[in-house]
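A short write-up of the structure that comes next.
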Amino acid sequence: MIPATADHKPDFDEIDVSSKSFWEQTSEQREKTFALLREQRPVSWQRPVEDAVTPDPDDPGYWAVVKHADIVRVSKDHETFISGQGVLFDLLPEIFLEMSQSFLAMDPPRHDKLRRLVSAAFTPKQIRRIDDKIRIAAAEIVDSIADKGSIDFVAECAEKLPVRMFGDIFGVPAELRPTVAKAAADVVAWADPEILGDRSADEVQVEACTTLHDVAEQLIADRQRNPGEDLMTALVRAEVDGQSLDAFEIGSFFVLMAVAGTDTTKHTSSHTALAFTRFPDQRDWLLADFDGRIGRATEEFVRYASPVMTFRRTAVRETELGGQRIIPGDKVVLFYPSGNWDTDVFEDPDRFDLSRNPNPHVGFGGGGIHFCLGNQLAKSMLRALFRELLTRIPEFTASEPEYLGTNFMRGIKRMKFEFTPER
């Protein structure tokens with residue numbers, strides 16, 4: 001949807017957060033830009049992003065929202081700021097939204113019905129039921145690296161636990177899990193030159209989503225013949241207003257959760273290992289009372305990592321935000337790392353401070369109906385993995401990583417991790 005009028009817009013802001021060169025900077029360099037915007041123009045009109053999945057010559061631009069309070073307001077006001085037109089910078093075709101983003105790109109009442117179907121699998125009670133599985137898996141992953149002394153943390157540690165737990169929850173057989181993990185990573189890496197190769201961004205995304213839909217279809221067919229105790233069986237049996245979900249709807253949810261359930265936790269774990277290297281005093285603080293402090297610490301893991309950098313909403317009624325007039329059709333992009341570094345909310349945000357309290361970060365979204373469904377599962381995995389790492393191989397050093405080159409996921413592709421082997 002194109003804004004109803006264009007004459008109300010200012011010129012594109014002189015501080016540009018849409019260019020490839022901006023997103024190729026380090027997070028520290030980007031934060032200097034965000035700090036200026038938070039202070040001077042918390043809601044600024046920006047030109048279309050360069051690394052769009054499907055570039056549109058008629059794209060008018062978007063409002064960049066960088067203050068914590070404004071991010072929370074937009075997140076909670078789903079009647080003014082909708083998700084049904086997509087959550088990325090650009091306006092993707094409707095079929096692709098349905099194929100890849102499931103209820104993340106839906107609005108009530110359809111959103112509410114689909115979310116209710118799966119929310120029972122992610123309640124604190126249900127997470128407690130699989131905590132033992134998570135602890136066992138974390139221990140076995142650290143078993144596999146504990147005597148090596150040097151590894152690629154991403155490939156040999158960080159991605160292992162979320163991929164394994166996603167596979168267990170959905171009932172993905174072991175031989176298909178590497179395929180699922182690669183496709184999920186490709187979904188969010190469309191602007192990274194290494195991932196793209198000679199392909200276009202939309203080719204990478206469509207190929208990855210198609211792969212995940214194919215896996216989902218195999219699982220659906222199997223569960224129809226052989227029901228199990230996993231989430232895929234529950235989805236196959238589920239009904240909405242007396243109607244079952246079709247294979248496409250289930251496949252779309254599978255795509256969404258493959259990304260949300262694996263990549264975000266993988267990158268949060270990697271950023272946390274790097275943070276412990278940069279702030280070694282925080283290891284000592286946490287280990288002094290791990291059980292009593294890990295709950296608060298995991299919130300800081302997420303704030304400091306801020307793995308998801310941007311999500312979009314679309315205005316459907318006129319309002320005011322950050323001193324700007326927003327009209328129906330305007331795209332509004334939320335910059336989560338900026339919100340998590342807002343000095344009006346967080347004292348000394350550059351510091352990795354595990355005792356930070358309160359910690360109202362927007363790493364799981366800013367609240368509202370799209371608040372991360374799997375946040376309890378993510379925190380359970382982070383607790384289990386760092387319990388094993390910090391108690392068994394605490395003398396470790398993470399080197400400067402190779403970052404994923406996109407404007408969506410603050411991802412780490414590779415990171416050397418050296419440690420004193422367990423004795």
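Taking the criterion of being of a type in the set (D, E, K, R) and either surrounded by fewer than 19 Cβ atoms within 10 Å (Cβ to Cβ) or farther than 16 Å from SER44 by Cα (or both), the residues of region 305-340 that qualify are ARG317, GLU318, GLU320, ARG325.
Cβ-Cβ distances below 8 Å connect the following pairs, each with a first residue in region 86-106 that is under 18 Å from PHE371 (Cα atoms), a second residue that is part of a loop (DSSP other than H, G, I, E, B) and aromatic (Phe, Trp, Tyr), and a separation of six or more residues or different chains: LEU88/PHE408. Could you check, for region 331-349, whether at least one of its residues is in contact with a Gly (Cβ under 6 Å, 6 or more places away or on another chain), assigned to a loop (DSSP other than H, G, I, E, B) and not hydrophobic (A, V, I, L, M, F, W, C)? No, every residue in region 331-349 fails to be in contact with a Gly (Cβ under 6 Å, 6 or more places away or on another chain), assigned to a loop (DSSP other than H, G, I, E, B) and not hydrophobic (A, V, I, L, M, F, W, C). Scanning region 398-419 for residues that are surrounded by fewer than 16 Cβ atoms within 10 Å (Cβ to Cβ) and touching a helix residue (DSSP H, G or I) at 6+ places or on another chain (Cβ under 7 Å) yields a single hit, ARG414. Among the criteria (1) modelled with pLDDT of 95 or more; (2) of a type in the set (S, T, N, Q); (3) in a loop (DSSP other than H, G, I, E, B), the one THR391 does not fulfil is (3). Applying the set (1) over 18 Å from the mean Cα position of the chain (by Cα); (2) touching a residue at least 24 places away in the same chain (Cβ under 8 Å); (3) under 25 Å from SER18 (Cβ atoms) to THR397 leaves exactly one unmet item: (3).
Against the list (1) of a type outside the set (A, V, I, L, M); (2) in contact (Cβ under 8 Å) with a residue 60 or more places away in the chain; (3) closer than 30 Å to TYR304 by Cβ, the condition SER19 fails is (2). Scoring ALA238 on the criteria (1) within 25 Å of VAL308 (Cβ to Cβ); (2) touching a residue at least 60 places away in the same chain (Cβ under 8 Å); (3) not acidic (Asp, Glu) leaves a single failure, condition (1). On the basis of being surrounded by 20 or more Cβ atoms within 10 Å (Cβ to Cβ) and polar (S, T, N, Q), does SER355 make the cut? So SER355 does not fit the description; no. In region 108-151, the residue that is modelled with the lowest pLDDT out of those that are outside any helix (DSSP H, G or I) and in contact with a helix residue (DSSP H, G or I) (Cβ under 9 Å, 6 or more places away or on another chain) is THR123. The single condition among (1) hydrophobic (A, V, I, L, M, F, W, C); (2) surrounded by fewer than 21 Cβ atoms within 10 Å (Cβ to Cβ); (3) under 19 Å from the mean Cα position of the chain (by Cα) that VAL362 does not meet is (2). Out of the residues in region 1-44 meeting the condition of being of a type in the set (Val, Ile, Thr) and in a loop (DSSP other than H, G, I, E, B), tell me which one is modelled with the lowest pLDDT. Per the criteria, the residue is ILE2.
Entry remark, region 45-61: residues being outside any loop (DSSP other than H, G, I, E, B) and of a type in the set (Lys, Arg) number 0 in total.
Under the condition of being assigned to a helix (DSSP H, G or I) and either touching a residue at least 60 places away in the same chain (Cβ under 8 Å) or among the hydroxyl-bearing types (Ser, Thr, Tyr) (or both), the residues counted in region 196-210 number 6.
PHE335 falls short of the stated requirement of being over 20 Å from THR26 (Cβ atoms) and of a type in the set (A, V, I, L, M, F, W, C). Being in contact with a helix residue (DSSP H, G or I) (Cβ under 6 Å, 6 or more places away or on another chain), surrounded by 21 or more Cβ atoms within 10 Å (Cβ to Cβ) and farther than 26 Å from GLU28 by Cα is the requirement here; does ALA297 meet it? So ALA297 fails the test.
Hey, any hits in region 354-363 for a residue that's in a helix (DSSP H, G or I), within 30 Å of GLU140 (Cα to Cα), touching a residue at least 24 places away in the same chain (Cβ under 8 Å) and not charged (D, E, K, R)? So far as region 354-363 goes, no, none of its residues is in a helix (DSSP H, G or I), within 30 Å of GLU140 (Cα to Cα), touching a residue at least 24 places away in the same chain (Cβ under 8 Å) and not charged (D, E, K, R).
Could you identify the single residue in ARG383, ARG356, ARG351, ARG387 that is in contact with an Asp or Glu (Cβ under 7 Å, 6 or more places away or on another chain) and closer than 25 Å to PHE290 by Cβ?
Details: ARG383 fails: in contact with an Asp or Glu (Cβ under 7 Å, 6 or more places away or on another chain); ARG351 fails: in contact with an Asp or Glu (Cβ under 7 Å, 6 or more places away or on another chain); ARG387 fails: in contact with an Asp or Glu (Cβ under 7 Å, 6 or more places away or on another chain).
Among ARG383, ARG356, ARG351, ARG387, only ARG356 is in contact with an Asp or Glu (Cβ under 7 Å, 6 or more places away or on another chain) and closer than 25 Å to PHE290 by Cβ.
For region 152-190, filtered to residues that are of a type in the set (Asp, Glu) and within 23 Å of GLN126 (Cα to Cα), the residue that is modelled with the lowest pLDDT is ASP168.
The values are calculated or read from the model by the stated rules, or taken from the named source; none is laboratory data. All of these numbers come straight from a predicted model, not from anything done at the bench. Quick reminder, even Gly has a Cβ in these numbers, built from the backbone with ideal geometry, and neighbours come from all protein chains shown.
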